[in-house]
Amino acid sequence: MTSATLFQNRRRFIRNLGLGAALFTVPGLFAEELLRTPRQTEGPFYPDHLPLDTDNDLIIVNDGATPALGEITHLSGRILDARGEPIRNALVEIWQVDSKGVYLHSGSNDHNQRDKNFQGFGRFLTGSTGEYYFRTIKPVPYPGRTPHVHFALKMKGREKWTTQCYIKGEPLNEKDGVYKDIADPKARAAVTIDFAPIKGSKIGELAARFDIVTGFTPAV
Ligand SMILES: [Fe+2]
């Protein structure tokens with residue numbers, strides 16, 4: 001082999017390596033590595049009448065002086081696309097029962113018992129970091145369901161996307177039909193989150209993080 005041929009072979013080798021690296025960074029391939037948050041049913045209790053106050057503080061309705069009953073929870077996370085990039089301008093909606101297990105929805109059980117100081121529903125529009133934040137209560141069970149918070153994502157030009165999150169360590173999870181419908185243990189883990197006491201909080205507030213990885217591909 002002449003030194004010229006050796007040189008050419010080497011060039012080819014380096015070129016091939018380069019091609020390999022390029023393939024490795026194709027977004028579609030990388031996306032396969034990410035664990036998607038499982039989609040789950042919207043359920044029957046999305047509010048039939050939206051409250052006048054739809055902000056991200058569910059503990060106080062309008063300018064009310066009395067906060068909702070329940071364990072105050074700071075619920076936050078990021079909305080991500082299929083590559084793990086933050087999604088901006090995603091409208092994040094949550095809804096959940098009050099401390100007595102009652103939804104805002106007029107068809108909810110014991111509707112007349114509802115905690116009028118709990119907003120029951122809230123909205124947050126993400127910015128460039130994809131981050132959302134709600135002040136709400138730790139979810140409690142209601143007949144037939146383990147504690148959960150419903151989420152809907154609404155984005156321009158996209159179909160509505162819904163899921164639910166659950167409390168890590170909650171024994172009722174394993175008896176819950178919707179929860180058990182998520183067959184993959186990793187996908188279950190992705191929707192089962194810690195509600196951890198905040199150090200130094202005198203009123204026993206909790207913090208919970210729930211990142212949502214959608215199957216959406218980035219907007220072009
Ligand atoms: Fe529900």
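Read the figures in this text as sums done on the coordinates, not as results from a lab. Just so we're clear, the structure is a prediction, and the values are computed from it rather than from any experiment. As a convention, Cβ positions derive from the backbone with ideal geometry for all residues, glycine included, and neighbour counts pool all protein chains shown.
Tabulated results
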| quantity | calculated |
| --- | --- |
| Extension gain (nm, one decimal) between Arg83 and Lys100, 0.36 nm per residue minus Cα-Cα | 2.2 nm |
| Efficiency of FRET between Ile198 and Leu172 - r from beta-carbon atoms, R0 25 angstrom, step 0.05 | 0.55 |
| Total charge dipole magnitude, segment 63-220, about the Cα centre, Cβ charges on Lys, Arg, Asp, Glu only, Debye to nearest 20 | 200 |
| Dipole moment magnitude, nearest 20 debye, segment 54-105 about Cα centre, only Lys, Arg, Asp, Glu C-beta charged | 180 |
| For segment 85-220: rounded, prolate or oblate by the Cα gyration tensor [a/c cutoff 1.5] | rounded |
